[in-house]
Amino acid sequence: MKLKPLDDRVVIEVTELEEKNVGGIIIPDTAKEKPQIGKIIAVGTDEDLQELVKIGDKILYAKYGGTEVDIEDNKLVIISRSDILAVIE
């Protein structure tokens, strides 16, 4: 299945951060903070947005922004342009 975002939205693949376990403490998944870095896999139809970001860019996005979806065992997030905070170079 392929997602094609509309208007000023992008689809990103969530980048999982490496978990460093100091002192043997195990943190359950429910207590972990959500990652805020993702890789763009699809860009919407908004021309201004297409000039700012492209497929393959790594971005920093708002902590509680977007809608999470699971497609074919991939964790994806659909976010709007206003939730994109920065492009990571």
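Coordinate-derived values only; no laboratory data. All values derive from a computational prediction rather than experimental measurement.
Observations, loosely collected:
- Residue-wise HN-Hα couplings along segment 38-49, as the Karplus relation 6.51 cos²θ - 1.76 cosθ + 1.60 with θ = phi - 60° gives them from phi, are x, 10, 6, 10, 7, 10, x, 8, 5, 5, 5, 5 Hz; Gly and Pro carry x.
- Net lengthening on full extension, Ala86/Met1 (0.36 nm per residue, minus Cα-Cα): 27.8 nm
- Remark on Gly66: its backbone amide H falls under 5 Å from those of Ser80, a criterion applied only to residues 5 or more positions apart or on other chains, H modelled at 1.01 Å from N.
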